[in-house]
Protein chains: 2
Amino acid sequence: MNNHTGSVEVFDTTLRDGLQVEGVSASVEDKLRIAEQLDLLGVDFIEGGWPGANPKDIEFFARAASELDLTASTLVAFGSTRRPKGKVDDDATLRNLLDARTAVVCIVAKSWDYHVLEALKTTLDEGEAMIADSVEFLAGQGRRVLVDMEHFFDGYKRNPEFALRALEAAVVKGASHVVLCDTNGGSLPDEVAAIVGDVHRHVGGDVTIGIHCHDDTGCAVANSMAAVGAGARHVQGTLNGLGERTGNANLTTIIPNLQLKLGYTCLPDGRLERLTAVSHHVAELLNRAVNPQAPYVGSSAFAHKAGLHVSAIARAKDAYEHVDPEAVGNGTRFVVSEMAGRATIQMKADELGLEMDGPAVNQVIDDLKRLEHEGYHFEAADGSLELLMRRAAGFEQEFFRVESMRVITDELPGGEFVTEATVKVWVGEDRHVFVAEGNGPVNAIDIALRKALLKYYPQLDRVHLVDFTVRILDGGAATGAVTRVLLSATDGERDWTTIGVSGNVIEASWRALEESYVYGLLHARHD
Amino acid sequence: MNNHTGSVEVFDTTLRDGLQVEGVSASVEDKLRIAEQLDLLGVDFIEGGWPGANPKDIEFFARAASELDLTASTLVAFGSTRRPKGKVDDDATLRNLLDARTAVVCIVAKSWDYHVLEALKTTLDEGEAMIADSVEFLAGQGRRVLVDMEHFFDGYKRNPEFALRALEAAVVKGASHVVLCDTNGGSLPDEVAAIVGDVHRHVGGDVTIGIHCHDDTGCAVANSMAAVGAGARHVQGTLNGLGERTGNANLTTIIPNLQLKLGYTCLPDGRLERLTAVSHHVAELLNRAVNPQAPYVGSSAFAHKAGLHVSAIARAKDAYEHVDPEAVGNGTRFVVSEMAGRATIQMKADELGLEMDGPAVNQVIDDLKRLEHEGYHFEAADGSLELLMRRAAGFEQEFFRVESMRVITDELPGGEFVTEATVKVWVGEDRHVFVAEGNGPVNAIDIALRKALLKYYPQLDRVHLVDFTVRILDGGAATGAVTRVLLSATDGERDWTTIGVSGNVIEASWRALEESYVYGLLHARHD
């Protein structure tokens, strides 16, 4: 609606606040790879960690200095103000911060009187002095100093006079930024706009105002944008909304909102197109899938299912999509399910370059209905969907045929587990029996089958499996229920997912594996 | 901040728009169970489906009429306006809608001129007449009529005159509600507030204004609240934000925001406390876990990890939590991980009623560091964490000891898969060898072991497994990688999750299974 010409700085704290998310831990190596991705995206600041609070973070900054070659982003070390009644020049936290040798540092300061009095157990005057002394000391050491005003909104609502005193202490001593933090995440957009507006009027142009939100009311994105609307020009958040509790403000959503919808500049030219790839790559490094429903970057963000719409979307995408998915490196996707009508199947066939007549389309619709009733879910398995459609159009795989197989897992007397598979397979007129050990039944089958096939299909060497998930379809029966296995594979250029469903988990895995090979061999032949 | 005294109606469309989410399908039985949950929560309206567009939904309304006994909620059937150039009294869609026999109906109407001209291929006058005729007809049949104004915000921005004409057509003919839909989900809170304000001034008090948002900008919650701030008194959304693409507005977040933070009444007295339970129950019915990061109802929403805070939170919860988690039926949780300090471990021990001295606490910290380095993740496995802590405090399980085991899976000549496990187990001085068939290796081991143990521990009969997930820890190696198995079990009163990690997936499964039995037996003895 508006078209702003200004810039908003992006400050990423995935590597510090983001890693507080439950269920994730990252090695120093992971953190270095993530920093490279953030630089590729082109954020202004990468907060790398809290040296001193976490020994891994000391190593991170040491290795970052020698190994990373950042071109767009500036690395930031995080710390806190000096301890109460202490001195800046013998404060361990400040010393560790300087030892990280970053040009920019960010320190957290208490701006809610309650926390000064009750958590720090000190006076408000000392609380203010802790900020003033620490900023002065760090600035005196040649650092650019950002100050995260912890609990600013809660503090301002209860004691605005102290919250502003704390903030002024940082400004007067030379902080380049004061970042207003909604630490408990309980604020709503209207109050964020009002309070940021007050602060903006109060400090004028002396300092850059930043915003740092958490998503406890589901409004972290809206709160961050409300702050920008009220004068903030620096937004802190994380990729994919990683972070403690409900997560930090999701930069993956905020950046395109600000840039595509309001006309602010957040990233260097040409970088927004990398958003989806960077989001997924970082998620993979942390072994934590991107939420399919995530705005802009999720796999479902531009996926259309309702039969009602599919034909219309084809005619006029901008009447059905709020932005061009290509602008963020994502794409429109048509989802095929048992609810799919003829038009959807036909469109999917066109997408695959398959010629399908009426009876073939009907066959696909029938197969989908029957198989999805059994527990298959083709929305999640593009590879198997393609094979199902090709089969309806006449395709029969002649690459190999498995006669039978057997898998044995033994616990040895020492407690070690070993798994061995025997696979009897035909390729054309040749019959082979291969045995292989593996670290589980599927792995052993995979290795045995490859031994048999590689002689005939050397191109299989490029195909490897990248993910394997098992889902229990009837939660009530747990280990005794029908299982659905999804298997993702790649040949380095193309990625595909196949599916298997069975009452026996080994059979389900085998079906998915067989389809994965067939898909890989088919495209190796075609390409 | 504000304290409103008014009410805001809650209209749940989980069963209609929500089921457009990718990867979910629900049976009629599932839908009936979900409707019961929604009634238990106390939403005003439950949109049950689109009879006619989906045959399952005709069955749903028939069975709902005879089987459901709703006490708080009103069931709504969804449909659309009559077809272009058609007549209301021979329109199949309207006929199906009436056949659903609900007192309230909701129809979708086109309010963006582009969609009238290009999707319907008719004139704006006919577009307006389709709305007027349909509302008049349905109201004449004694129905209360809500009208979903599709693409209202996009339409209003481009042609406000037609958008308002469409809206007035519904109002004049007796619609009780006009619901402004952000169908493509691209709007931001400021523009939603401005447009809803315009509409509110335009139609005054003649009709209730509703809002229906999608989360494509990550602002569906904030947009819904902005609409309420500008005069809307009816909010449409879904539980857990289910819905096509990025999902519908999440009622699980909006309801507590409106009720706890702004003082509106959304649910009958005493119902908000059921929010977390209903959210999780519905997720389970749809076999789709609640996002742990979900505001208010997620398992991480009130989980605290940072060592920095844990001791402070214990002293003053309201300084660290934006609302009382009990208000929505959730609770504060302290998360234990390799980063946990002594205070966290001590607090967890108190929570479990375990006496732990200094060396025992140190032992726990060492064990956590070592095991999490190997791939364990105790945040997700409360049962295994408790056992680890008990072991550090001196506990040794004497319930049973497995000497060895073997699992064989065969593909029979007919293509059928059979799995058989042999388990050799000691209970006290007795040695047993049991064999069992199962639908996969873990199931077969489970059955064989139960046969051996039930004689000694009949209480095991109450323990059953409810979920089983397998995670590959090193994505690069796929079927050849280290796997982490999480196993959830229940004895009907207590739920617990245990974990196993190994290079062999059968071993990882077995470790989790063994821990699950030990936990179950331990608490059966204690309780």
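The values are calculated or read from the model by the stated rules, or taken from the named source; none is laboratory data. On a predicted model such as this, the values are computed, not experimentally measured, just so you know. Methodologically, a virtual Cβ is constructed for each residue, glycine included, from the backbone with ideal geometry; neighbour enumeration extends over all protein chains shown. Heads up: the accessible areas ignore ligands, DNA and RNA and are worked out on the full protein's heavy atoms, side chains in. Shrake-Rupley method; radii C 1.70, N 1.55, O 1.52, S 1.80 Å.
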- Task: Would you confirm whether any residue within the stretch A:227-244 is charged (D, E, K, R), assigned to a loop (DSSP other than H, G, I, E, B) and in contact with a helix residue (DSSP H, G or I) (Cβ under 9 Å, 6 or more places away or on another chain)?
- Result: yes
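Name the residue, out of A:Ser73, A:Ser80, that is assigned by TED's automatic domain parsing to the domain that holds A:Ala277, closer than 30 Å to A:Val297 by Cα and surrounded by fewer than 24 Cβ atoms within 10 Å (Cβ to Cβ). Can you show your working first?
Numbers: A:Ser80 fails: closer than 30 Å to A:Val297 by Cα.
Only one candidate qualifies: A:Ser73.
If you go through the stretch B:411-430, how many residues are of a type outside the set (A, V, I, L, M, F, W, C), part of a strand (DSSP E or B), free of Cβ contacts under 8 Å to residues at least 24 places away in the same chain and open to solvent by 30 Å² or more (accessible area, probe 1.4 Å)? Break it down stepwise before answering.
Step one: of the stretch B:411-430, the residues of a type outside the set (A, V, I, L, M, F, W, C) are B:411, B:413-416, B:419-420, B:422, B:424, B:428-430.
Then keep just the ones that are part of a strand (DSSP E or B); that gives B:411, B:419-420, B:422, B:424, B:430.
Those left that are additionally free of Cβ contacts under 8 Å to residues at least 24 places away in the same chain: B:411, B:424, B:430.
Those still in the list that are open to solvent by 30 Å² or more (accessible area, probe 1.4 Å) too: B:424, B:430.
The qualifying residues number 2.
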- Query: Here are A:Leu262, A:Leu251: which of them is within 11 Å of chain B (Cβ to nearest Cβ) and surrounded by fewer than 24 Cβ atoms within 10 Å (Cβ to Cβ)?
  - Reply: A:Leu262
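Could you identify the single residue in A:Asp113, A:Asp133, A:Asp154 that is under 32 Å from the mean Cα position of the chain (by Cα), open to solvent by 10 Å² or more (accessible area, probe 1.4 Å), more than 25 Å from A:Ala64 (Cβ to Cβ) and in contact (Cβ under 8 Å) with a residue 40 or more places away in the chain?
Working: A:Asp113 fails: under 32 Å from the mean Cα position of the chain (by Cα); A:Asp133 fails: under 32 Å from the mean Cα position of the chain (by Cα).
Answer to the check: A:Asp154.
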- Task: Being within 14 Å of chain A (Cβ to nearest Cβ) and hydroxyl-bearing (Ser, Thr, Tyr) is the filter here, so list the residues in the stretch B:173-219 that pass it.
- Result: B:Thr183, B:Ser187, B:Thr217
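Based on what the data block shows, is A:Ser66 assigned by TED's automatic domain parsing to the domain that holds A:Leu146, free of Cβ contacts under 8 Å to residues at least 24 places away in the same chain and surrounded by fewer than 18 Cβ atoms within 10 Å (Cβ to Cβ)?
Working: assigned by TED's automatic domain parsing to the domain that holds A:Leu146: yes; free of Cβ contacts under 8 Å to residues at least 24 places away in the same chain: yes; surrounded by fewer than 18 Cβ atoms within 10 Å (Cβ to Cβ): yes.
For A:Ser66, the condition - assigned by TED's automatic domain parsing to the domain that holds A:Leu146, free of Cβ contacts under 8 Å to residues at least 24 places away in the same chain and surrounded by fewer than 18 Cβ atoms within 10 Å (Cβ to Cβ) - is met.
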- In the stretch B:356-394, anything away from chain A (no Cβ under 14 Å), within 37 Å of the chain's Cα centre (by Cα) and open to solvent by 30 Å² or more (accessible area, probe 1.4 Å) is listed as B:Asp366, B:Arg390, B:Arg391
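Against the definition (touching a helix residue (DSSP H, G or I) at 6+ places or on another chain (Cβ under 8 Å) and modelled with pLDDT of 90 or more), how does B:Val290 come out, yes or no? Even if it seems obvious, please write down each step before you answer.
Working: touching a helix residue (DSSP H, G or I) at 6+ places or on another chain (Cβ under 8 Å): yes; modelled with pLDDT of 90 or more: no.
For B:Val290, the condition - touching a helix residue (DSSP H, G or I) at 6+ places or on another chain (Cβ under 8 Å) and modelled with pLDDT of 90 or more - is not met.
Grab the strands (runs of 3 or more DSSP E) fully contained in the stretch B:431-527, keeping just those with 2 or more residues being within 12 Å of chain A (Cβ to nearest Cβ) and modelled with pLDDT under 85. Reasoning before the result, please.
Numbers: elements: B:464-472, B:483-490, B:495-502.
Output list reads B:464-472, B:483-490.
Considering the stretch A:86-110 alone, what residues qualify as being open to solvent by less than 70 Å² (accessible area, probe 1.4 Å) and in a helix (DSSP H, G or I)?
From the stretch A:86-110, those open to solvent by less than 70 Å² (accessible area, probe 1.4 Å) are A:86, A:88, A:91-94, A:96-98, A:100, A:102-110; that's our starting set.
Result: A:Val88, A:Ala92, A:Thr93, A:Leu94, A:Asn96, A:Leu97, A:Leu98.
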- Hits in the stretch A:396-406 - residues which are away from chain B (no Cβ under 14 Å), touching a residue at least 60 places away in the same chain (Cβ under 8 Å) and not polar (S, T, N, Q): A:Phe399, A:Phe400
- Which number in (1) part of a helix (DSSP H, G or I); (2) of a type outside the set (Ser, Thr, Tyr); (3) under 26 Å from A:Leu267 (Cβ atoms) marks the one condition that A:Glu59 misses? (3)
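From the list B:Leu258, B:Leu167, B:Leu180, which one is in contact (Cβ under 8 Å) with a residue 40 or more places away in the chain, in contact with a strand residue (DSSP E or B) (Cβ under 7 Å, 6 or more places away or on another chain) and part of a helix (DSSP H, G or I)? Give the derivation first.
Numbers: B:Leu258 fails: in contact with a strand residue (DSSP E or B) (Cβ under 7 Å, 6 or more places away or on another chain); B:Leu180 fails: part of a helix (DSSP H, G or I).
The conditions single out B:Leu167.
Based on what the data block shows, is A:Asp125 more than 14 Å from chain B (Cβ to nearest Cβ) and either surrounded by fewer than 21 Cβ atoms within 10 Å (Cβ to Cβ) or modelled with pLDDT of 95 or more (or both)?
Details: more than 14 Å from chain B (Cβ to nearest Cβ): yes; either surrounded by fewer than 21 Cβ atoms within 10 Å (Cβ to Cβ) or modelled with pLDDT of 95 or more (or both): yes.
Considered against the rule, which asks whether it is more than 14 Å from chain B (Cβ to nearest Cβ) and either surrounded by fewer than 21 Cβ atoms within 10 Å (Cβ to Cβ) or modelled with pLDDT of 95 or more (or both), A:Asp125 comes out as yes.
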